[in-house]
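Reviewing the structure listed below.
The values are calculated or read from the model by the stated rules, or taken from the named source; none is laboratory data. Every value quoted in this text rests on a predicted model; they were computed, and no experiment measured them. With ideal geometry, Cβ positions are generated from the backbone for all residues, glycine too; neighbour counts draw on all protein chains shown. Please note that ligands, DNA and RNA were not included when accessible areas were found on the heavy atoms of the full protein model with its side chains. Shrake-Rupley method; radii C 1.70, N 1.55, O 1.52, S 1.80 Å.
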Amino acid sequence: MNVAFLGLGAIGAPMARHVASRFPTAVWNRTTARAKAFSEQHGARAATTPRDAARGADVVITCLPTSREVEQLLDGDDGLMAGMERGATLVDCTSGDPTTSQRIAQRLAPSARYFVDAPVSGGVSGAEQGSLTIMCGGSEADLTRVRPVLEAFGKKIVLCGGVGAGHAVKAVNQALLGVHLYAAAEGLAALAKAGVSPTLALEVINASSGRCNATENLIPQRVLTRAFPRTFRLALLEKDMGIAAAFARTEGVPAPVLQLTTELYRAARRELGEEADHVEIAKVVERESGTEIRG
Ligand code: NDP
């Protein structure tokens, strides 16, 4: 199977590395230097345009910030629509939105080209280890065809429903991450102000019913240590929460917790900028509380 991979960002690059080690692969990136460096290191063909990348590919993978950028890559003389072969499948690993994905699938279908949304979870480290969870939307036949390529970087691959279902599940997962992280930081800030050690508090919480990824991993490893590594941009989490909030509204679910937390992340994005990591939301809580959550 020939594969094209477009979008060599923080998570796209390690995913593409696994693909290129198993399949003949063409890579394309908006900043050309990244694609060139990747091709020199990993033996993939550096394509000059999205159209050039899609040429001869059975599977075309995109991993871009939002569905908007994916849809923009379709059009024009150099776009994916001009390059994708009949029978090829576009697999979108972007954490995108269900409605745009359904529109893209509809545009591809008349020329016998297929679409699977396949956002991932597990972070950059999961991508490096090839152990991502992949939540898919599309037909069973389409997923079966592309599954060997997804297995290059994914361990748990689940068909969630028709086109858009993968993006919807991913958005809800991200909303939970955002809500848990914010709520955990609020609680720990209050405890720190009352003189309770955040380290001790987390020891208790992580042996109790309030534990979550934020309390078990993110806060101990990144906040208590003050390390705040940049692995997943807060701007992307805010985007994901916006997708989840819009999805809930479309489905007629009021979801006040989700709507409010999304607003809080939107304000934090304005305050911290486009490059801040998602865990830096704790800094906003700290500033508002007049305390630090230290180990
Ligand atoms: P990055 O910001 O690191 O990379 C974004 C990529 O998209 C880069 O290759 C960038 O190119 C490209 N890009 C940006 N704008 C455009 C555009 N207008 N046209 C074409 N290409 C563009 O993002 P990540 O790799 O972190 O995330 C990618 C997707 O994966 C997002 O949807 C994110 O939510 C999701 N995700 C990320 C995780 C993570 O831990 N990082 C975890 C799970 C999902 P250039 O090099 O030119 O800037």
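General remarks:
- Any chance Val204 is among the β-branched types (Val, Ile, Thr), over 22 Å from Val257 (Cα atoms) and open to solvent by 60 Å² or more (accessible area, probe 1.4 Å): yes
- Looking only at the stretch 18-31, and only at residues there that are in contact (Cβ under 8 Å) with a residue 40 or more places away in the chain and open to solvent by 30 Å² or more (accessible area, probe 1.4 Å), the one that is nearest to the ligand (Cβ to nearest atom): His18
- Counting only helices (runs of 4 or more DSSP H) that sit completely within the stretch 94-163, those holding 2 or more residues that are among the hydroxyl-bearing types (Ser, Thr, Tyr) and open to solvent by 10 Å² or more (accessible area, probe 1.4 Å) correspond to 98-108.
- Of all residues in the stretch 211-228 being under 25 Å from Asn173 (Cα atoms) and open to solvent by 50 Å² or more (accessible area, probe 1.4 Å), the one that is nearest to the chain's Cα centre (by Cα): Asn213
- Any hit, the stretch 59-66, residues being within 15 Å of the ligand (Cβ to nearest atom) and open to solvent by 50 Å² or more (accessible area, probe 1.4 Å): yes
- Per the conditions (1) crowded, with 24+ Cβ neighbours inside 10 Å; (2) more than 30 Å from Phe247 (Cβ to Cβ); (3) more than 15 Å from the ligand (Cβ to nearest atom), the sole criterion not satisfied by Gln41 is (1).
- Filtering the stretch 182-193 for residues that are within 27 Å of Thr66 (Cα to Cα), within 16 Å of the ligand (Cβ to nearest atom) and buried (at least 17 other Cβ atoms within 10 Å of the Cβ) leaves an empty set.
- Positions within the stretch 164-202 being over 30 Å from Thr250 (Cβ atoms), among the polar types (S, T, N, Q) and in a helix (DSSP H, G or I), in sequence order: Thr199
- Positions within the stretch 70-91 being in contact (Cβ under 8 Å) with a residue 40 or more places away in the chain, within 15 Å of the ligand (Cβ to nearest atom) and either surrounded by fewer than 17 Cβ atoms within 10 Å (Cβ to Cβ) or under 18 Å from Leu150 (Cβ atoms) (or both), in sequence order: Val91
- Phe247 within 24 Å of Gly122 (Cα to Cα), away from the ligand (no atom under 13 Å from the Cβ), of a type outside the set (Asp, Glu) and in contact with a helix residue (DSSP H, G or I) (Cβ under 9 Å, 6 or more places away or on another chain): yes
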